[in-house]
Every structure is written in structure tokens, then in C-alpha cells.
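The values are calculated or read from the model by the stated rules, or taken from the named source; none is laboratory data. Everything quoted here is computed from the prediction, not taken from an experiment. Positions of Cβ are backbone-derived with ideal geometry, glycine not excepted, and every protein chain shown enters the neighbour counts.
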């Protein structure tokens, strides 16, 4: 788990292009926990392990709160433009490690990840795009969402792959990092605002 979270961090530093430590250290421990827990419903985030981004590039993630339900939640990444805390189960932590290290994903069960505060702008087709291009289906308005991965990508055949249809869609189709994005209502501290 430590290797996965460290790998996740290293790529975030590179992708964002700045060191996150400056902004990260300005927040109190409780503010970071609150941010991390806002990523998922309270029924998930209250008993999740809460980790913080390292204080320096290449450093270890910092344990803020021990959990017991198999989820790991991370606060907003200060170096990104969006509000992107996340809560990931074990298959999603493996997914993150595979994506960050550009290797194939090997999981045997479904996985669930939450980003109920939305996230940052990104490509719908290119897992490594950092800016919009005419053909990378750039998503500018990140929405609160649940992410689902499955052990066999063929299970996703026939599902929509465009985010503008108003329901779930397949993101990063035809890549090892393919997953389902499920739009969710806006959440405040893990509770839906209906």
C-alpha cells in the first residue's frame, strides 16, 4: 500500500508541474481530514484511512487518521485547479499505481472510487493529456462522480463513452485504465445536496 500511494504522489507532482508541499502545509490536520472525507459519503469516509500528500517531492504520504473499512481518502491536491479529494478502495489503489507507473492493471474484483467534490478538467480519451486538443474530448466541467473498475474490460462493451449524455459513461476506453464514470449529486461533507 505504501508503494502504491508513493507512486501515486510522484506522478501527481510531475503532472501538476509544481511541488504541493507549500499549500499542503498551510492547512491544519483537521482541514485536510475534512477535505479527504468530503470525497465520499459519510458511510464510507468516516471509517476510511486518511492520508496526506508528502511534505516534499519523493517523500512518503503522511497518515492523518487510521481507518478500518478498506478505503483510503486523500485531501484536495493543492497543485491542481479543481477540488479533487478522493476515496479509493484497494482495487482503485492498484489502478492508481498502474496508471501512475504506466503499467497494465491486474485486478480480480470490481473496485469503487469516489470524487464527490468533482475534480479537475481532463481528457475523456487520453489518460495522460494535460491540456485540451481538438481530438481528446476535454472535459472542462468536472462533476461529482463515482468511479467503477471491473476486472474484464469486455464487460463494458456497448456502454456509452461520451460524458454529455447525462448518465454513466466509459472513460479512457481502449486503454488499460478504462473505467465507468457515474455522475452523482453535489455533496457537502459527504452528504448529498438534493
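From the list 79, 129, pick out the single residue that is assigned to a loop (DSSP other than H, G, I, E, B), surrounded by fewer than 20 Cβ atoms within 10 Å (Cβ to Cβ) and touching a strand residue (DSSP E or B) at 6+ places or on another chain (Cβ under 6 Å).
One residue alone meets the criteria, 129.
Among the candidates 48, 42, single out the residue that is at pLDDT 90 or above and buried (at least 19 other Cβ atoms within 10 Å of the Cβ).
48
So which of 81, 28, 35 ends up being over 24 Å from residue 176 (Cα atoms) and at pLDDT 95 or above?
35
Okay, residues lined up against (1) buried (at least 19 other Cβ atoms within 10 Å of the Cβ); (2) assigned to a loop (DSSP other than H, G, I, E, B); (3) in contact (Cβ under 8 Å) with a residue 60 or more places away in the chain; (4) in contact with a strand residue (DSSP E or B) (Cβ under 7 Å, 6 or more places away or on another chain):
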residue: 102; (1), (2), (3), (4): no, yes, no, no
residue: 108; (1), (2), (3), (4): no, yes, no, no
residue: 143; (1), (2), (3), (4): no, yes, no, yes
residue: 148; (1), (2), (3), (4): no, no, no, yes
residue: 155; (1), (2), (3), (4): no, no, no, no
residue: 159; (1), (2), (3), (4): no, yes, no, yes
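Scan segment 49-65 residue by residue and report those that are in contact with a strand residue (DSSP E or B) (Cβ under 6 Å, 6 or more places away or on another chain) and either in a loop (DSSP other than H, G, I, E, B) or in contact (Cβ under 8 Å) with a residue 40 or more places away in the chain (or both).
51, 61
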